[in-house]
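The values are calculated or read from the model by the stated rules, or taken from the named source; none is laboratory data. In this text the structure is predicted, and so the values were computed from the model without any measurement. Positions of Cβ are generated from backbone atoms using ideal geometry, with glycine treated the same way; all protein chains shown enter the neighbour counts. Note: areas computed on protein heavy atoms with side chains; ligands, DNA, RNA excluded. Shrake-Rupley method; radii C 1.70, N 1.55, O 1.52, S 1.80 Å.
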Amino acid sequence: MTPLRGFARAVDRLTIYLPVILMGLLALGTYWLARNTPTSGAAPVQEAPTHDPDYFLRGFSVKSFDPNGRLKTEIRGTEARHFPDNDTLEIDQPRMRSFSETGALTTGTADRALSNSDGSEVQLFGNAIVTRQSNDAKGNAQPKLEIRSDFLHIFGNTEKVRTNKPVVLTRGDDRFAGDSLDYDNLDRVLELHGRVHGVIQPQPASPGATAPAKAP
């Protein structure tokens, strides 16, 4: 065998094994990169939200609507602070209104309010006043109902108002007072607890009514 033919065979063998050699070098290079590439460290631990406001609102109005696009509730105020841990909104000088399914309007004012995320549950603090205006089944306007207390808890979806503070309630010319209150408008049930007293004005005589006959 001549040296030239031996060199040619060696080149042929090298050509056959060259892909294997290249794959091996590539694997070694990949392993080296994996060992020497710096890691970003452990993923940061997600901290639980704290009871600190994450945003503020000033001169705002928050509205919610029913599936038909009708206004359900509106809350306005001079300033509000949102707390992410319980998704509540604390409002200064709140002014709120809520419409029932029958269109009855409930309004509320106070020095401060605390509302849940959709405005369906609102707590009023300081000089709290809630009024309700509605009509009867025939469409006749009913006497305005007004509730006053230092604290009122309003449940918009179930049309309930509660308080564990002294409360004054007026309906038309009638006036009642008690140490606490539970009012359910849907069931037409109103409960006053504690030292309860009230004044009920006589109803005006209906047209055509005759005076009772006097005994001789």
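Per-residue SASA remark: Phe83, around 20 Å² accessible (1.4 Å probe; ligands, DNA and RNA not included). Overall, the accessible surface of the stretch 76-216 at a probe of 1.4 angstrom is composed of carbon and sulfur to the extent of 50 percent. A straight chain from Leu105 to Asn127 at 0.36 nm per residue would run longer than the Cα-Cα distance by 5.9 nm. Legend: residues Tyr183, Tyr55, sorted from most to least accessible area (1.4 Å probe; ligands, DNA and RNA excluded), read Tyr55, Tyr183. From most to least packed by mean Cβ count within 10 Å, the peptides 190-202, 114-126 give 114-126, 190-202.
The stretch between His82 and Asp182 holds 33.1 nm of extra length on full extension. This uses 0.36 nm per residue minus the Cα-Cα distance. In the full protein context, the stretch 63-143 carries 53 Å² of accessible surface per residue, based on a 1.4 Å probe and ignoring ligands, DNA and RNA.
Across every direction, the projection of the convex hull enclosing the Cα atoms of the stretch 49-91 has a mean area of 3.4 nm².
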